[in-house]
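The values are calculated or read from the model by the stated rules, or taken from the named source; none is laboratory data. Values in this document were obtained by computation on a predicted structure and should not be read as measured data. Cβ sites come from the backbone with ideal geometry, for glycine too, and all protein chains shown count toward neighbours.
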Amino acid sequence: MTEMNRLRSVVVAAAVAMTLPFAAAPAAAPLMAQRSAPPGSGETFKDTSMLKPPAGAKIAIYELEDLECPACAHAFPIVHAAAAHYNIPIVRRDFPLLQHIWSFDAAVWARFLQDKVSPKTADEYRGAVFAAQTGIASKDDMLNFTRRFFQTHGLQLPFVPDPTGQFKKEVEADRALGERLGVQFTPSIIVCTQHEWVHVTDISLLYQTIDELEAKVAAEPSPARKPVHK
């Protein structure tokens, strides 16, 4: 009888030990729902932790673009008009597609202008590239276009625009973020609040999406104020 009890104890202990790793494993964090406009049309993103407005903003347009992408050229003025209309920021990330010949070079020039001249001039450059996109067929075309842009804006074109590789690293860092997100196509336009985001795949739904998220943000309860003790 004693031997039987000892055997039973060993079996029970083994069974308990087998369950411990599973019981001790932390619960997986819930995934944020994949939302898109129109519904069911967006990509299946992976790490969406980056999809947040900048500090101090309640809502923003998060955009990944490729300067050689025709759809990005179409979306560019619409996104900027929406941001101005609603007075919300644009969080832009460069995502030059590997199959495009000159988009990476153009993104580096845009970074040069942003850091060395002004963000406004860099935006003008991006818009000008999109407008002239169909006439740029090679890296030489891109360089000639950039030279004319500098001349018309009274700027001196540097012989070596990125001697330390700083701007190249910035573009590569943006592309790495897009890869972490799981972007497959450009443009990727996402309207985000501090609590949710919507992938806008039909640019005609951008204003409607912003309206919906702004209404939800406005309906959120204000954070309770701590009582002031006198």
All conditions in (1) in contact with a Phe, Trp or Tyr (Cβ under 6 Å, 6 or more places away or on another chain); (2) buried (at least 20 other Cβ atoms within 10 Å of the Cβ) are true of residue 182 except (2)
Yes/no for residue 132 being surrounded by 16 or more Cβ atoms within 10 Å (Cβ to Cβ), touching a residue at least 12 places away in the same chain (Cβ under 8 Å) and not basic (Lys, Arg)
no
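In region 171-183, which residues are over 12 Å from the mean Cα position of the chain (by Cα) and touching a residue at least 60 places away in the same chain (Cβ under 8 Å)? Even if it seems obvious, please write down each step before you answer.
Taking region 171-183 and keeping what is over 12 Å from the mean Cα position of the chain (by Cα), we get 171-172.
Residue satisfying the conditions is 171 alone.
Within region 196-213, is even one residue farther than 26 Å from residue 50 by Cβ, of a type in the set (S, T, N, Q) and surrounded by fewer than 19 Cβ atoms within 10 Å (Cβ to Cβ)? So that I can check it myself, show each step before the final result.
Filtering region 196-213 down to residues farther than 26 Å from residue 50 by Cβ leaves none.
No - not one qualifying residue is present in region 196-213.
Among the listed residues 63, 68, identify the single one that is within 12 Å of residue 206 (Cβ to Cβ) and crowded, with 16+ Cβ neighbours inside 10 Å. If you could, list the steps in order and put the result at the bottom.
Numbers: 68 fails: within 12 Å of residue 206 (Cβ to Cβ).
The match here is 63.
Keeping to region 84-99, report how many residues are without any contact (Cβ under 8 Å) to a residue 60 or more places away in the chain and either within 12 Å of residue 191 (Cα to Cα) or surrounded by 18 or more Cβ atoms within 10 Å (Cβ to Cβ) (or both). Even if it seems obvious, please write down each step before you answer.
Taking region 84-99 and keeping what is without any contact (Cβ under 8 Å) to a residue 60 or more places away in the chain, we get 84, 87, 89-92, 98-99.
From what is left, the residues that are either within 12 Å of residue 191 (Cα to Cα) or surrounded by 18 or more Cβ atoms within 10 Å (Cβ to Cβ) (or both) are 89-92.
Counting residues in region 84-99 that are without any contact (Cβ under 8 Å) to a residue 60 or more places away in the chain and either within 12 Å of residue 191 (Cα to Cα) or surrounded by 18 or more Cβ atoms within 10 Å (Cβ to Cβ) (or both) gives 4.
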I'm trying to understand the selection: among the residues of region 49-92, which are basic (Lys, Arg) and either closer than 16 Å to residue 107 by Cβ or assigned to a strand (DSSP E or B) (or both)?
92
Please state which of the following conditions residue 107 fails to meet, knowing it meets all the rest: (1) in contact (Cβ under 8 Å) with a residue 12 or more places away in the chain; (2) surrounded by fewer than 17 Cβ atoms within 10 Å (Cβ to Cβ); (3) not in a loop (DSSP other than H, G, I, E, B).
(2)
Could you list, in sequence order, all residues of region 135-163 that are modelled with pLDDT of 95 or more and of a type in the set (Val, Ile, Thr)?
136, 146, 152
(1) of a type in the set (Asp, Glu); (2) under 22 Å from residue 65 (Cα atoms); (3) outside any loop (DSSP other than H, G, I, E, B) all hold for residue 212 apart from (2)
Just checking, how many residues over region 51-87 are in contact with a helix residue (DSSP H, G or I) (Cβ under 8 Å, 6 or more places away or on another chain) and of a type in the set (Ser, Thr, Tyr)?
1
Among the residues of region 102-153, write down those that are in contact with a Leu (Cβ under 7 Å, 6 or more places away or on another chain), closer than 21 Å to residue 78 by Cβ and aliphatic (A, V, I, L, M).
106, 107, 122, 129
